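Peer 1: Below is one structure. I have some questions about it.
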Amino acid sequence: MKLYLKIWRQEDRTSYGKLADYTLDNVSEHMSFLEMLDMLNEALVEKGERVVEFDHDCREGICGQCGVMINGRAHGPLSNTTTCQLHMRSFKDGDTIYIEPFRATAFPIIRDLKIDRTSFDRIIAAGGFISASTGQAPEANSIPINHETAEAAFDSAACIGCGACVATCKNSSAALFTSAKVAHLALLPQGKEEARTRVKSMMNQMDSEGFGHCTNTEACEVECPQEISVLNIARMNYEYNKSRILEK
Amino acid sequence: MNAKIPEGKLSEKWSNYKSHAKLVNPANRKKLDIIVVGTGLAGASCAASLAEQGYNVKSFCFQDTPRRAHSVAAQGGVNACKNYKNDGDSVYRMFYDTIKGGDFRSREANVYRLAECSANLIDQAVAQGVPFAREYGGYLNNRSFGGVQVSRTFYARGQTGQQLLLGSYQALMRQVAAGRIQLFSRHEMLELVVIDGKARGIISRDLETGEIERHSAHAVVLATGGYGKIYYLSTLAMGCNGSAIWRAHKKGAYMAGVSWIQVHPTSLPQHGEHQSKLTLMSESLRNDGRIWVPKKQNDTRHPNDIPEEERDYYLERRYPSFGNLAPRDISSRAAKERIDAGHGVGEMKNAVCLDFSKAIREQGKDKIEEKYGNLFRMYEKITGINAYTEPMLISPSAHFTMGGLWVDYELMTTIPGLFALGEANFGDHGANRLGANSLLQACVDGYFIAPYTIPNYLAGELKTGKIDVKDPAFDFAERKVRRQLGDLMHIQGHLSADYFHKTLGKLLYDKCGLSRSKEGLEEAIKEIKMLRERFYKELRIPGDGKVNSELEKAGRVADYLELGELMCYDALTRNESCGAHFREEYQTPDGEALRDDQNFCFVSAWEYKGKDAEEELHKEPLEFTEVELAVRSYK
Ligand SMILES: Cc1cc2nc3c(=O)[nH]c(=O)nc-3n(C[C@H](O)[C@H](O)[C@H](O)COP(=O)(O)OP(=O)(O)OC[C@H]3O[C@@H](n4cnc5c(N)ncnc54)[C@H](O)[C@@H]3O)c2cc1C
Ligand code: FES
């Protein structure tokens, strides 16, 4: 198929960017979206033009490094699918496709479609862990965890940190990302000890990074490749209020 | 080369080592700097553990955050001999399975230690909050993996690597917050700095600004993962590379088992020219899936239309006692044999069927969905096919490198002060790795071994003082890096780095892949030399010296073009078949690998001798005191 691409090109963090037009022929429906960009870049190399920079690594939907806005939707037209797992069979001959970076104040653009998501790292560093140093662990089966709890903790822990939730949210809120970690750890007996301080410092960090507040539009859940539920956000608020009340 | 295996009985060696390892006084630890390149399971766990002890750690990765290291992609599980299932598992049995699985080409002492530390890793991970699968009573659950007859694999649905990695990433970030780890993501190590024979630092490139930086330390750890991406089409991530270890190799660190590359039997088949990746379908699927091809050659019917009696369950037929759970090397080779004989299925006739109809009939769809739901979903996302109603199509794909930097029992390379951990070292897996053993190895290296052996080395470094980045060795290394980058940018040919990468990959699949021959390897060596010459004439890298993915790729491909040649030499000089290394000249009448213990019971370790000079082969003899060398049979 033949495609008309409008791709965001921007030199660096401080310069202005704009959409540039490209036409790409002979795209096969079996190709993944990123393989389509590879094909474009291959053609740009031949012409000696600077390639379109985009982030990606595993190309199997688990590392969370890929992610662009495709026709205004985070990770493209399919729900709950990373950009790397999107295939060209979702498009048709003659389509015009707008490709832009994930946009949020807390995600500065580095170049073209590459963004800086280290704000997520700092949220984790603020408390998204259990303080268990190497060598201190007791026998694993000494604390049974019922099947449902373990499964629920897994559901929250499955987040890949791609940032689609932020990109799709009209407030650029990182509530889904942050709450998934808060819930994962608060559900497990090992994580309960630090639950009170964790939720506060992670939420404070989230705010200070410039992410917006959650107004419960639930758009994030639709785009999340791991189908992380917005119930995590409710849980985070519950944990937060609990910690405030217990403080008093 | 001295492997430094401690004295004593096999079961006591590691305890002996630990009781005698030198310690560094807590007050002195903050005077010692350690560089850890890599934030996968091996790197993150090592960095976190050393920082917890009080050392200054600098941690590097090329991704935008440490949490994306390719360990994240491991699906199936991690082995540990907890014997929770009471099915006869023990440290010894796990040790034996691993040695046998590796076709008796690994060190007894290392493998024993791996098994010994395995139980502790599960404790560690659970304490960090890794949500492993649980039974209804609340206790941890297990499943079985290829090559063994007990159930010792712990798993977190199909995302075990991700969950383990998040555990160590979080431990790492805790130390970042505590100020004991400095994090350098989007940084690529481009050179190792050696001063007076010791590893003293690295030169790295900031992948955003393009800045070339100097970092010094008293010890350098490479935990940079495997180089299976050399085949281009593989189960690895796009950025996985051999550059860090290759550049260390050129600075004097030996490489061992270089051509021992595991080809995984169950990945999605190639379907077209532009494909960049072969996605793995976890081996755990083989617990319930049955592998078959049509008995008739070139059968074009849809798999569902082929009646039971016209299907050849070739693994069950050839290896009745292990059946679909035969080890990876054997399963992959058996698949290739059937495909080459014209029984392949799918559009390109390059696949075999992995069929769940029997399991679904017997256990119900719900049970199968609970065990493998995310894998079936992933299969559908990529292929558009619902595998609950028809077989998955799978084929072999390059996956894991048993080879890597040669290390001694302390995980130190032949350069003092340079350590290699995880998939980046050669080692515990011999000539073939058992499924679910490498997450384990990466974690054990980082959490439990390096935290003893690195301080043991550092104890001798207390008087060294800060390492100065103005040392002439840093000038020299930096100049070399700048020259290489400049040279690559200036070629101004017309072909992309990917073109060369793909060409090399195809060549290696054909001649240094699942099966190898003297003739093919000799051809490959010539062809790689020619391809390398073309690379330096015809490559083109547009753009500037800042964010430039073409430049990053070109540097990696330049290294692959040298490493690939060494792989072929390594395979050519090993006149036997063992594990993943199958030389067509050395096989039994029924097509099984023919090992030669008389002449090849050693590790091949290669020493770099300079540009265009042939590498020198060193042999580390493998001595087996505890196990008897046996023919590895899974029949
Ligand atoms: C798809 C897949 C599935 C797997 N499934 C399983 C499984 O179920 N069970 C199992 O036991 N094993 C499995 N494995 C194998 C296992 O995941 C790996 O062997 C293991 O995770 C390797 O960990 P590592 O820490 O050594 O390397 P990695 O996790 O690959 O980390 C490498 C790190 O090095 C960094 N790096 C590399 N080069 C440079 C450089 N030049 N400069 C700076 N940084 C650099 C990267 O940024 C990264 O942080 C699987 C492997 C794959 C590919
Ligand atoms: S590239 Fe890893 S999730 Fe898309």
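The values are calculated or read from the model by the stated rules, or taken from the named source; none is laboratory data. The structure presented is a predicted model; accordingly, all values stated were derived computationally and were not measured. Glycine gets a Cβ as well: all are built from the backbone with ideal geometry, and neighbour counts include every protein chain shown. What goes into the accessible areas is simple: the full protein's heavy atoms, side chains included, and nothing from ligands, DNA or RNA. Shrake-Rupley method; radii C 1.70, N 1.55, O 1.52, S 1.80 Å.
Peer 1: From (1) out of contact with any Asp or Glu (no Cβ under 8 Å at 6 or more places or on another chain); (2) within 16 Å of ligand 1 (Cβ to nearest atom), pick out the condition that doesn't hold for B:Leu280.
Peer 2: So B:Leu280 meets the others, but not (1).
Peer 1: When you go through (1) touching a Gly at 6+ places or on another chain (Cβ under 6 Å); (2) at the interface with another protein chain (Cβ under 9 Å from one of its Cβ atoms); (3) of a type outside the set (Val, Ile, Thr) one by one for A:Phe129, which number turns out not to apply?
Peer 2: (1)
Peer 1: While we're here: Hey, does segment B:80-97 have a residue that's of a type in the set (Gly, Ala, Ser), over 22 Å from A:Gln136 (Cβ atoms), more than 12 Å from every other protein chain (Cβ to nearest Cβ) and surrounded by fewer than 19 Cβ atoms within 10 Å (Cβ to Cβ)?
Peer 2: Among the residues of segment B:80-97, at least one is of a type in the set (Gly, Ala, Ser), over 22 Å from A:Gln136 (Cβ atoms), more than 12 Å from every other protein chain (Cβ to nearest Cβ) and surrounded by fewer than 19 Cβ atoms within 10 Å (Cβ to Cβ), which makes the answer yes.
Peer 1: Evaluate the following for B:Asp590: is it modelled with pLDDT under 95 and among the acidic types (Asp, Glu)?
Peer 2: Values: modelled with pLDDT under 95: yes; among the acidic types (Asp, Glu): yes.
Answer is yes for this residue.
Peer 1: For A:Cys165, state whether it is under 20 Å from the mean Cα position of the chain (by Cα) and closer than 19 Å to B:Thr65 by Cβ.
Peer 2: yes
Peer 1: Take the residues in segment B:40-88 that are among the polar types (S, T, N, Q) and within 25 Å of B:Ala119 (Cβ to Cβ), then tell me which one is farthest from the chain's Cα centre (by Cα).
Peer 2: It comes out as B:Asn86.
Peer 1: With (1) open to solvent by 70 Å² or more (accessible area, probe 1.4 Å); (2) assigned to a helix (DSSP H, G or I); (3) touching a residue at least 24 places away in the same chain (Cβ under 8 Å) as the list, and A:Glu227 as the residue in question, which single condition is left unmet?
Peer 2: Condition not satisfied by A:Glu227: (2).
Peer 1: On to the next question. Could you look through segment B:233-246, keep only residues that are more than 8 Å from ligand 1 (Cβ to nearest atom) and open to solvent by 10 Å² or more (accessible area, probe 1.4 Å), and pick out the one that is farthest from the other protein chains (Cβ to nearest Cβ)?
Peer 2: Per the criteria, the residue is B:Leu233.
Peer 1: Which ones in segment B:1-38 are in contact with an Asp or Glu (Cβ under 7 Å, 6 or more places away or on another chain) and of a type in the set (Phe, Trp, Tyr)?
Peer 2: B:Trp14
Peer 1: Here is a further query. Taking segment B:388-412, which residues are open to solvent by less than 10 Å² (accessible area, probe 1.4 Å), assigned to a loop (DSSP other than H, G, I, E, B) and in contact with a strand residue (DSSP E or B) (Cβ under 8 Å, 6 or more places away or on another chain)?
Peer 2: Within segment B:388-412, B:Pro391, B:Met402, B:Gly403, B:Trp406, B:Val407, B:Leu411 qualify.
Peer 1: Using the structure shown, decide if A:Ala150 is touching a helix residue (DSSP H, G or I) at 6+ places or on another chain (Cβ under 8 Å) and either within 30 Å of A:Glu194 (Cβ to Cβ) or within 16 Å of ligand 1 (Cβ to nearest atom) (or both).
Peer 2: So A:Ala150 does not fit the description; no.
Peer 1: Something else: How about segment B:342-367: which of its residues are among the aliphatic types (A, V, I, L, M) and either in contact with a His (Cβ under 7 Å, 6 or more places away or on another chain) or open to solvent by 80 Å² or more (accessible area, probe 1.4 Å) (or both)?
Peer 2: Within segment B:342-367, the subset among the aliphatic types (A, V, I, L, M) is B:345, B:348, B:351-352, B:354, B:359-360.
Listed by number, the list holds a single entry, B:Met348.
Peer 1: Here's a follow-up. Examine segment A:203-215 for a residue that is open to solvent by less than 30 Å² (accessible area, probe 1.4 Å), of a type in the set (Phe, Trp, Tyr), outside any helix (DSSP H, G or I) and away from ligand 2 (no atom under 16 Å from the Cβ), and state whether such a residue exists.
Peer 2: yes
Peer 1: Which helices (runs of 4 or more DSSP H) does segment A:141-195 wholly contain that include 3 or more residues that are open to solvent by 10 Å² or more (accessible area, probe 1.4 Å) and touching a residue at least 60 places away in the same chain (Cβ under 8 Å)? Before you say what the answer is, go through the steps one by one.
Peer 2: Details: elements: A:147-157, A:164-168, A:175-187, A:189-192.
By residue number, A:164-168.
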